[in-house]
Amino acid sequence: MDFYVALLTPFDERGAVDLPRIRAHVLWLLAEGVDGFVVTATAGEFLYLTVEERLTLHRTVLDASGGHPVVPCTWDPSPEATVALTEAARAQGAAAVMLPPPLLYPMDIDGLARWYGSVAACGLPVYAYHDPHRLQAPIAPQVYRHLREEGLLTGLMDASEDPWRVRRLAKEDPGAIVACGDALLSRVGDVAGVPGFVSTLANAWPSLCLRLFREREGQLEEGMAERVNRVRDAGGIRALKAVLRMGCRAPLLPPSDDVLTTLPAAEGPS
């Protein structure tokens, strides 16, 4: 099972995307042993990046990855921009793309089929994204089955952190369900048919996350559960970026210094 990191997006003091920093971060994570990357997804603040910023981030991460698989999120409010980002990802050498459903409105199955069909036509493998914690339109199992049967999806990135749902989907469609969410870090290795796992906390603590992912030690599992809760309580992505000194940009603002004292230091350069 491959271990992916959902990359954060670093910003410099002017609020610009810090491309040298993301390049260095990718190289460090590769040296720590990760297998690939998801870029400009929810951890990467895709809602608050311009199309040009996403294009340059995708290009930079793909260049730094040295042939390791990179899966960009190519979602945009504009279907035309979504297709353009996907076509650019294909030209740049991405392994696949990850695409959430349209975010604000509940979607019927015909609307979702049209949404995913326009991207599937670009010729890259397309993974839908299910995240009931953040997104209005979930990918229900029956919807996923329909989209797969229509040939519109290669698979699903599932951030439900529900081990029963992931296990059930992986049994029905082995090799196509990628599990996301650090709450599953120690358990996903036992789920047959799951080809990959996506971690966010590995941005700061890759050695710890990889050790727990591969060895599933009970003592580490308890400590990781506490760390997941601490990061969430300290501000989630904002807190993780502050630990790494990656910089925030509005609308996300850094948490206060006293909140950060509850979190351990990052394992690598910060």
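The values are calculated or read from the model by the stated rules, or taken from the named source; none is laboratory data. None of the values given here were measured: they were computed from a predicted structure. No Cβ is skipped: glycine too gets one built from the backbone with ideal geometry, and neighbour counts run over all protein chains shown.
Annotations
- Scanning region 131-159 for residues that are closer than 24 Å to Gly236 by Cβ and either at pLDDT 95 or above or of a type in the set (Val, Ile, Thr) (or both) yields Ile139, Leu156, Met157, Asp158, Ala159.
- Scanning region 158-199 for residues that are over 16 Å from Arg148 (Cα atoms) and acidic (Asp, Glu) gives Glu161, Asp162, Asp182, Asp190.
- Qualifying position, being farther than 30 Å from Leu208 by Cβ, modelled with pLDDT of 95 or more and either buried (at least 23 other Cβ atoms within 10 Å of the Cβ) or out of contact with any helix residue (DSSP H, G or I) (no Cβ under 9 Å at 6 or more places or on another chain) (or both), among Ala41, Ala81, Ala91, Ala6: Ala91
- Just so you know, in region 187-205 the residues that are closer than 17 Å to Trp164 by Cα and surrounded by 22 or more Cβ atoms within 10 Å (Cβ to Cβ) include one that is modelled with the lowest pLDDT, and it is Val188.
Here's the yes/no breakdown for (1) in a helix (DSSP H, G or I); (2) of a type in the set (Val, Ile, Thr); (3) surrounded by fewer than 18 Cβ atoms within 10 Å (Cβ to Cβ):
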position	(1), (2), (3)
Ile22	yes, yes, no
Leu27	yes, no, yes
Phe37	no, no, no
Leu47	yes, no, yes
His58	yes, no, no
Val61	yes, yes, no
His68	no, no, no
Val71	no, yes, no
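- Residue under evaluation Val188, criteria (1) β-branched (Val, Ile, Thr); (2) in contact with a strand residue (DSSP E or B) (Cβ under 6 Å, 6 or more places away or on another chain); (3) without any contact (Cβ under 8 Å) to a residue 40 or more places away in the chain, criterion not met: (3)
- Residue within region 75-98 that is in contact with a Gly (Cβ under 7 Å, 6 or more places away or on another chain), under 23 Å from Ala179 (Cβ atoms) and not in a loop (DSSP other than H, G, I, E, B) present: no
- Residue satisfying all of: in region 45-85; more than 23 Å from Ala31 (Cα to Cα) and touching a residue at least 60 places away in the same chain (Cβ under 8 Å); farthest from the chain's Cα centre (by Cα) among these: Tyr48
- Counting only helices (runs of 4 or more DSSP H) wholly contained in region 151-270, the ones carrying 2 or more residues that are more than 16 Å from the chain's Cα centre (by Cα) and not hydrophobic (A, V, I, L, M, F, W, C) occupy 163-172, 206-215, 218-234, 257-260.
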